[in-house]
Protein chains: 2
Amino acid sequence: MVYRRTPKMQSRIDAAREQIVTAAHRLVAESGYGGTGIPDIAKEAGVSTGSVYVHFPSKTALFSEVYQRASRHEIEAFREVAEAHGTARERLARMVETFARRALAGRKLAWALLVESVNQEIDAERLRFREPYRAIIEDVINEGINADEFVYQDARVTSMCIVGAIVEALVGPLSNALETDEEGRLVDSLTQVCLRSAGPINSEPRG
Amino acid sequence: MVYRRTPKMQSRIDAAREQIVTAAHRLVAESGYGGTGIPDIAKEAGVSTGSVYVHFPSKTALFSEVYQRASRHEIEAFREVAEAHGTARERLARMVETFARRALAGRKLAWALLVESVNQEIDAERLRFREPYRAIIEDVINEGINADEFVYQDARVTSMCIVGAIVEALVGPLSNALETDEEGRLVDSLTQVCLRSAGPINSEPRG
DNA sequence: TTAAGAATTGAACTCCAGTTCATTCTTTTG
DNA sequence: CAAAAGAATGAACTGGAGTTCAATTCTTAA
């Protein structure tokens, strides 16, 4: 008459955990962190409030996992572009476009990941989320420097700046959707700014 | 036997209000928004908790005023640099440096004004705080475009990006102070990135 | 089948910053 | 000076989100 956790039971538990993370993801993508309570998540996942706390010690911990998963996915897409063929300049342009376009495609989630005010812990999470992007950009810039595409520079600072620039340019549009053509123009301009920030570019004709 | 508010009384009231705002300012500059409660402010201002609510309908409203004042001061300094003599490029460089240096000189306050997580209302305040900087930068860029110093571009987007770049580059250093020389290097690099982002620059020798 | 122990439940609880308001103190004016 | 009205006080309250835990249900193994 002893109970031991069997594989079957384990997979039930794992499934519940998965349900919770998935539900949380869906709800953040809909209402952000602040608009999503634990009871909401539990309901959406088909479990009880208490169960959530069996799997995660706190709301912050749960969202930390949600953010990390969402990040990993996004960052893989980003890295693919960074490692594709082409000059550093071409790749950097595509990277900026990819970042911006994907963020605008999932506005609420991107907003939650990039800018939503929450608390210090989640803020730290956010900074950690931005870091991989920065690092990837830094690498491409360094490649560009070595290939004489970009002037010599502190690629670390430039990459930070590019991340900051993209986020700042997206803050508004993430809250209030743009028309398709406006979005296109924004992404184009943003790409141009980021390319210039990394180094010299042939000057374009005026007006 | 009717009481009417006399000039003397009015100035008492105004003085109290002023004390409150000043106290709040001091405390934010020390502990940020989150670390500063209304009772703390009341104590520091030498009034009661309730009095704070006579002058301001909410904590948010009070801080809104504190932020606006701090902003006005900063933005005036910024505008002065923007309107000084020199080419657009020279002025832009000084603007970036001014912004960064002043922020780093009052780290906690700058952090509260620029990046501290609070709530949507204060977030909106923050965006409003950034806007004047952006607009001033936009003007200088447009002057630079007209003077053929910068390539033709959407100055609105570039100015957003510059604000975002500066803030992103400062987020870390605002939390954990840098050594003086590190700070100098950061400001230099940041300035270079921002100048490049606005337009062509003579390429620097490598390595 | 049944007892032991694990998993789940969800109503109730905690916590705490922001806010309130009955009371007290001040000022004005007849 | 006394009455009326305003200003100030600060202990107590509140609201709501996050969290807990006694009770219940389910699973295992003898």
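The values are calculated or read from the model by the stated rules, or taken from the named source; none is laboratory data. Bear in mind the structure is a predicted one, so any value in this text is a computation, not a measurement. Every residue, glycine among them, receives a Cβ derived from its backbone with ideal geometry; neighbour counts consider all protein chains shown. Side chains included, ligands, DNA and RNA excluded: accessible areas come from the protein's heavy atoms. Shrake-Rupley method; radii C 1.70, N 1.55, O 1.52, S 1.80 Å.
In table form, for the structure just shown:
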{"quantity": "Selection from the stretch B:30-40 of residues that are open to solvent by less than 60 Å² (accessible area, probe 1.4 Å) and more than 9 Å from DNA strand C (Cβ to nearest atom)", "calculated": "B:Ser31, B:Gly32, B:Gly35"}
{"quantity": "Residue under evaluation B:Val193, criteria (1) hydrophobic (A, V, I, L, M, F, W, C); (2) in contact with a Phe, Trp or Tyr (Cβ under 8 Å, 6 or more places away or on another chain); (3) open to solvent by less than 10 Å² (accessible area, probe 1.4 Å), criterion not met", "calculated": "(2)"}
{"quantity": "In the stretch B:41-50, the residues that are within 12 Å of DNA strand C (Cβ to nearest atom) and over 27 Å from B:Ser175 (Cβ atoms)", "calculated": "B:Ala42, B:Val47, B:Ser48, B:Thr49, B:Gly50"}
{"quantity": "Candidates B:Leu113, B:Leu27, B:Leu109, filtered to the one that is touching a residue at least 60 places away in the same chain (Cβ under 8 Å), aliphatic (A, V, I, L, M) and either touching a Ser or Thr at 6+ places or on another chain (Cβ under 6 Å) or away from DNA strand C (no atom under 16 Å from the Cβ) (or both)", "calculated": "B:Leu109"}
{"quantity": "Lone unmet requirement of (1) modelled with pLDDT under 95; (2) open to solvent by less than 20 Å² (accessible area, probe 1.4 Å); (3) within 14 Å of chain B (Cβ to nearest Cβ) for A:Val115", "calculated": "(2)"}
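Matching residues to (1) open to solvent by less than 40 Å² (accessible area, probe 1.4 Å); (2) within 12 Å of DNA strand C (Cβ to nearest atom):
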| residue | (1), (2) |
| --- | --- |
| A:Thr6 | no, yes |
| A:Asp14 | no, yes |
| A:Glu18 | no, yes |
| A:Val52 | yes, yes |
| A:Phe63 | yes, no |
| A:Ala70 | yes, no |
| A:Arg89 | no, no |
